Amino acid sequence: MRSVYAKEMLIYFSSPIFYAVSFIFLCVLGIFFYNDMAYMSMLASRIAQYQLSTGLGLDKIVLRPLFSDMSILLLFIVPIIAMRLYSEEKGNGTIELIFTYPITDLQVLLGKYLAGLSVIAILLGITTVLMLLAGIVVSPDWGLVFSSYLGLFLVSASFLAIGVFASSLTKNQIIAAASSLGIILAFWAVGWFSDVFTASAVAKFLGELGIMEHLDDFMKGMLNVKDAVFYLLFSLFFLFMTLRILESHTWRG
Amino acid sequence: MRNKSIKYMSGTGIAVAVFTAILVIIYMIVLNHPKVYDLTLSGKNTLDVKTRNILDSLDFDVKVLVFCKNDNTREKAKDILDLFAYASKHVNYEIIDPDVHPGEAKKYAIERYGQAILVGNGKQQRIETVSEQNLDSAILKLKMSGKKTIYFTTGHGERDIEDNNKDGLATLKNALKSDNYRVKKLILMREKSVPLDAGLVAVIGPKKQFLPEEIKELDEYIKQGGNLFIALDPMEDTGLEGFLSEYGVVLGNDMIIDKFSRILGGDYLIPVVSEYGDVDALRGFRYATFFPTACSLSIKKTLPKGIEIRWLARTSSQSWAETDLDRLERQGKAQLDKKDKKGPVDIGLFLKKKLDTKGGGYARLIVFGDSDFLSNTYIMTSGNEDLAMNCMNMLLGERELVVIKKKQANHLAPLTPYQASLMFWVPVVAIPCVILFIGISVFLVRRRA
C-alpha cells in the first residue's frame, strides 16, 4: 500500500494538472477572500460611523461565506484530482499489471485514495494562510476555523470517493471527471428537495442524503456527530462500490 | 461462461445490498442518538444556561412553526432552532413559506413574515421574531400553569413600574413580564396584610417613611416565609433601617466612592461591581454592574437565631464608603480617612431566615444599597438587568431562569491601507504565483531529465 501511495504522490507532484488546479483554486479563493475582507472593512467603518451595535462579526462576514465558497470550488476540483487515479491506468493498460501485483485490490485502492486525500489536505493547508492574514485584522474564532476545515476535509473525502468510483468505470479521464461531477451535483441537488416538500418523510430522507446539507453545522462551528458519520459512511460506500467494480474485471475477463 | 457471470453478478448485487443496509442502519443509530459539540471558543453555538434549564425541565413536546420567506430571516431562525432541537428531544420545528402554504398561514392568523407559533401542552403561543429570548419566554408560557405575582410597594415615593421616564421601572417590569411573571402595585396601607398570592414583594427606592403598621405587615410576611427585595438609596430616611437591623443588616449612612469606576469612563459616585458572592443566582456571573450613588451595607457581628447572611455584590478595593457627606455635597470632594470604611464594600446582601413553623422552610431577603441601577436609565447598562433578574428569579425559586452568560460576536475592523494591499497581494497574487513557479520548475526539471 505504501508503495502505491508513494507512486501516486510522485505522479501528482510531477504532473502539470495538480499545479494548474491549485493555481486556479487558490487564485479564485484569493479574490473571494479579498472581496470579503474589503466588504468587512466597509461595514466596519459604517458601523463605527453610525455607532450601530450589530451582532456581526468576522465569522458571519468573512469566514462563513469564504468556507462555503471553498466547498463549492472543491466540488469542481476534487473530480479533477481524482479522475486519473484509475482511468489513467486503464488508458495506459497498466491496470492489468496492478491485478498481478502481490497486493490486494483494497490495498491498491487505499493507497490511491490516501494519496488523493493528501493532495486535498495540502491544498486546504495552503489556504490556512488566509486565516492568518484575517487574524492580523480581527482575531477569528479558531474553534470555528478548525471545525470548518474539518467539515471541508470530510466533504472532500466524500467527493474523492465518488471521483475514485467514477474513475474506475472508464478509461477516459474526461468522462471520469464529468461523471463524478454529475454524481456530486446530483447529491447536492437532492438536498434542495427538503426545502420544497416541507415536513414529509421523503423530504427528510432526501435532506439527510444531500451532501452539502451536512456541512452547515461544521461551518457554524459545531461538530455534529451525525454529519461526520455521514461523510465517513458515504465515502465508505463509494470505496466499496469501487472495489466491486475492480473485482468485476476478474470475472468479466 | 454466461452462467458464471450471472452468478458473480448476483453475488455482487447481494454484497452491495447487504453493505448498504449496514451503512444505513449505522446512520440510523447515530441519527437517533444526536450529539453536538460546540467547537467555537466564544461558545456562540451554546444556549444560555437559562434556556438549557428550561429545555431540560420540558415534559411535553413543543412544535415551532416559523412563517418566513426563503431569506436571511430563515437562516437566522434555522440557526437558533437547530440549537433548540439538538438540546431537547421535545422541540422540533418547521419553516413554512406563507405564500406557498397560505392555508397554514391563515390557520394560525399570520400577519407578517418572520412570525412563529409555538404549539405544545395544549396551548399556543405567538412570537414576533425567532430569538433565543422570545422562544424561552414562549416555552415558559406554554409550560406554566399559574403565574407568580410580584408586588411593588407604592405610596412612599418609590420608583414606579409604569413610569417610562428615566427614573421609572418600566424596563424592569417588561423584563419580568417576559419571564412570565404578573407584576402589580401594592399599597400596604390599604391592605391588612401582604396579599396571599405574592411570590415576591419589592421595595424600590422609597423616599418617605414607612408607617409602623406597614413595616409590621412586611415583618409578618417574612415570618410566614415570604420573599423580599429591597433597594434603598443613600441619605433617605425610610423607616426600614430599624426593620433591617433586626435581621442583622446595617445600612451605612454614607456614599460609596469608587476610583476604579473612573477608569471605565464612569463617575466617582458610580461604583462598579465585578465580584459576586457565592449564591445560586450569581455563580459564574461575569458581568460588571454599575450602581449610581450607593450606600454601603454591613452585617451585624452577632446575628439573631436562624438567620444567615451572605454578601451578594461588593465594590473594588479602590473604593470606600465616604461618611463626610456634607463636604461631598458642598465641595464635591471626598477623601478616604479613618472614619470611612475602606473597600471592598458590600453593596448587596442575601439573607435567609429559618422559619419558626413546624414545616421548616426559609424566608428570603435581598437588600441593595442603591435603587438607581434598576431604573430605566441604568438597567440596560452592562450586567445590571441580568443581576436584577437573577436575584428576583432566585427569590421566586425559578432557578431555571437564572442567566449566566451571553454571547459576544467578535468585532469588525476597518482595514488600514497597508492591510488592504496585504489582503490583495498575498492571496490573489503571491500564493498562486508560488504554486505556478513550483509547477514550471518541476516541468523544466523533468524535461531536462
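Give region A:14-25 a look and list any residue that's under 19 Å from the mean Cα position of the chain (by Cα) and open to solvent by 30 Å² or more (accessible area, probe 1.4 Å), or say none. Answer for region A:14-25, where residues must be under 19 Å from the mean Cα position of the chain (by Cα) and open to solvent by 30 Å² or more (accessible area, probe 1.4 Å): A:I17, A:A20, A:F23, A:I24.
State which residue is most open to solvent (accessible area, probe 1.4 Å) when the search covers only region B:116-137 and only residues that are outside any strand (DSSP E or B) and charged (D, E, K, R). Taking the candidates together, the pick is B:E128. Apart from one condition, A:F32 fits all of (1) facing chain B (nearest Cβ under 10 Å); (2) in contact with an Asp or Glu (Cβ under 6 Å, 6 or more places away or on another chain); (3) open to solvent by less than 40 Å² (accessible area, probe 1.4 Å); the exception is (3).
Each residue in region B:21-45 was checked for being in a helix (DSSP H, G or I) and either crowded, with 17+ Cβ neighbours inside 10 Å or at the interface with chain A (Cβ under 7 Å from one of its Cβ atoms) (or both), and 5 pass.
A:K204 meets each of the listed conditions (1) open to solvent by 60 Å² or more (accessible area, probe 1.4 Å); (2) touching a Ser or Thr at 6+ places or on another chain (Cβ under 8 Å); (3) modelled with pLDDT under 90; (4) over 30 Å from B:F67 (Cα atoms) apart from (4). Filtered by the rule that a residue be open to solvent by less than 10 Å² (accessible area, probe 1.4 Å) and either of a type in the set (A, V, I, L, M, F, W, C) or outside any helix (DSSP H, G or I) (or both), region A:158-175 gives A:F159, A:L160, A:A161, A:I162, A:V164, A:A166. Criterion first (touching a residue at least 40 places away in the same chain (Cβ under 8 Å) and in contact with a strand residue (DSSP E or B) (Cβ under 6 Å, 6 or more places away or on another chain)) does B:T323 satisfy it? Here the answer is no, as B:T323 does not meet what is asked.
Within region B:227-246, residues that are without any contact (Cβ under 8 Å) to a residue 60 or more places away in the chain reach partners that are open to solvent by less than 10 Å² (accessible area, probe 1.4 Å) and among the aromatic types (F, W, Y) with beta carbons closer than 9 Å, at six or more positions or on different chains, in the pairs B:G239/B:F210; B:L240/B:F210; B:F243/B:F210. Within region B:362-375, the set of residues being within 16 Å of B:D219 (Cα to Cα) and not hydrophobic (A, V, I, L, M, F, W, C) comprises B:Y362, B:R364. Whether any residue in region B:391-409 is at pLDDT 90 or above, part of a helix (DSSP H, G or I), facing chain A (nearest Cβ under 8 Å) and in contact with a helix residue (DSSP H, G or I) (Cβ under 9 Å, 6 or more places away or on another chain) is what I want to check. No - not one qualifying residue is present in region B:391-409.
Identify, from the list A:F165, A:F187, A:F193, A:F159, the residue that is aromatic (F, W, Y) and at pLDDT below 90.
A:F193
Restricting the search to strands (runs of 3 or more DSSP E) fully inside region B:262-322 and requiring at least 1 residues that are under 26 Å from B:G242 (Cβ atoms) and open to solvent by 60 Å² or more (accessible area, probe 1.4 Å) gives B:297-299, B:307-315. If you go through region B:376-390 and keep only what is within 17 Å of B:I347 (Cα to Cα) and modelled with pLDDT of 85 or more, you end up with B:Y378, B:I379, B:N384, B:E385, B:D386, B:L387, B:A388, B:M389, B:N390. Only one of the listed residues (B:D48, B:D71, B:D61) is open to solvent by 90 Å² or more (accessible area, probe 1.4 Å), more than 8 Å from chain A (Cβ to nearest Cβ) and under 30 Å from B:Q125 (Cβ atoms). That residue is B:D61. Within this structure, B:G248 fails the test of being assigned by TED's automatic domain parsing to the domain that holds B:I307, open to solvent by 10 Å² or more (accessible area, probe 1.4 Å), more than 22 Å from B:R190 (Cα to Cα) and in contact with a strand residue (DSSP E or B) (Cβ under 8 Å, 6 or more places away or on another chain).
In region A:160-171, the residues that are closer than 13 Å to A:A115 by Cβ reach residues that are among the polar types (S, T, N, Q) and in a helix (DSSP H, G or I) with C-beta atoms within less than 6 angstrom, at least six apart or across chains, in these pairs: A:G163/A:S180; A:V164/A:T242; A:S167/A:S87.
The values are calculated or read from the model by the stated rules, or taken from the named source; none is laboratory data. From a predicted model like this one, the values you see are computed outputs, not experimental measurements. Using ideal geometry, Cβ is built from the backbone for each residue, glycine included, and neighbour counts are taken over all protein chains shown. These accessible areas exclude ligands, DNA and RNA; they are computed on the full protein's heavy atoms, side chains included. Shrake-Rupley method; radii C 1.70, N 1.55, O 1.52, S 1.80 Å.
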